[in-house]
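Here is the structure we will look at, set down as structure tokens.
The values are calculated or read from the model by the stated rules, or taken from the named source; none is laboratory data. The structure displayed is predicted, hence computed values, not measured ones. Virtual Cβ from ideal backbone geometry, glycine too; neighbours counted across all protein chains shown.
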Amino acid sequence: QVQLVESGGGLVQPGGSLRLSCAASGGIFSMYPMAWYRQAPGNQRELVASISNSGGSTNYASSVKGRFTISRDNRKNMVYLQMNGVKPEDTAVYYCKGQGGAGPWGWGQGTQVTVSS
């Protein structure tokens, strides 16, 4: 089955941490650059972070640089997003996907992150 399944979201206080996970199936995962995106209510979906197929290169939106870390494990077909120092403006549904539409996967169901005290 070709799919991406995100998990790890939840309610977190400002300044706290979360680790999101994304499990990929149905594709040759190690071939593709991957990315995390997010969409807040009333906003367009935006790119948060991306990682090359080998994991050797990463890029971040300016709004999360220095706070979030993207990583991947090609043996497990997994992508992760470590979120530290979260802020209320990080509240959104987070999705993983092949960067720029790479790979066979459509959008998953996402995982909700809510930052609130």
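Which one of Gly26, Gly42 is in contact with a strand residue (DSSP E or B) (Cβ under 9 Å, 6 or more places away or on another chain), over 17 Å from Thr69 (Cα atoms), surrounded by fewer than 19 Cβ atoms within 10 Å (Cβ to Cβ) and modelled with pLDDT under 95?
Testing whether each residue is in contact with a strand residue (DSSP E or B) (Cβ under 9 Å, 6 or more places away or on another chain), over 17 Å from Thr69 (Cα atoms), surrounded by fewer than 19 Cβ atoms within 10 Å (Cβ to Cβ) and modelled with pLDDT under 95 leaves just Gly26.
Considering every residue within the stretch 19-30, establish whether at least one is more than 16 Å from Gln99 (Cα to Cα) and in a loop (DSSP other than H, G, I, E, B).
yes
Residue check, Arg75 against (1) at pLDDT 95 or above; (2) in contact with a Phe, Trp or Tyr (Cβ under 8 Å, 6 or more places away or on another chain); (3) in a loop (DSSP other than H, G, I, E, B), all met but one. Which one?
(2)
Just one of Gly85, Gly66 is of a type outside the set (D, E, K, R), in contact with a Pro (Cβ under 9 Å, 6 or more places away or on another chain), modelled with pLDDT of 95 or more and not in a strand (DSSP E or B); which is it? If you could, list the steps in order and put the result at the bottom.
Details: Gly66 fails: in contact with a Pro (Cβ under 9 Å, 6 or more places away or on another chain).
It is Gly85.
Being in contact with a Leu (Cβ under 9 Å, 6 or more places away or on another chain), free of Cβ contacts under 8 Å to residues at least 60 places away in the same chain and among the polar types (S, T, N, Q) is the filter here; which residues of the stretch 40-82 pass it?
Result: Asn59, Thr69, Ser71.
So Ala102 passes all but one of these: (1) surrounded by fewer than 21 Cβ atoms within 10 Å (Cβ to Cβ); (2) closer than 12 Å to Leu20 by Cβ; (3) of a type outside the set (Phe, Trp, Tyr). Which condition number does it fail?
The one condition Ala102 does not meet is (2).
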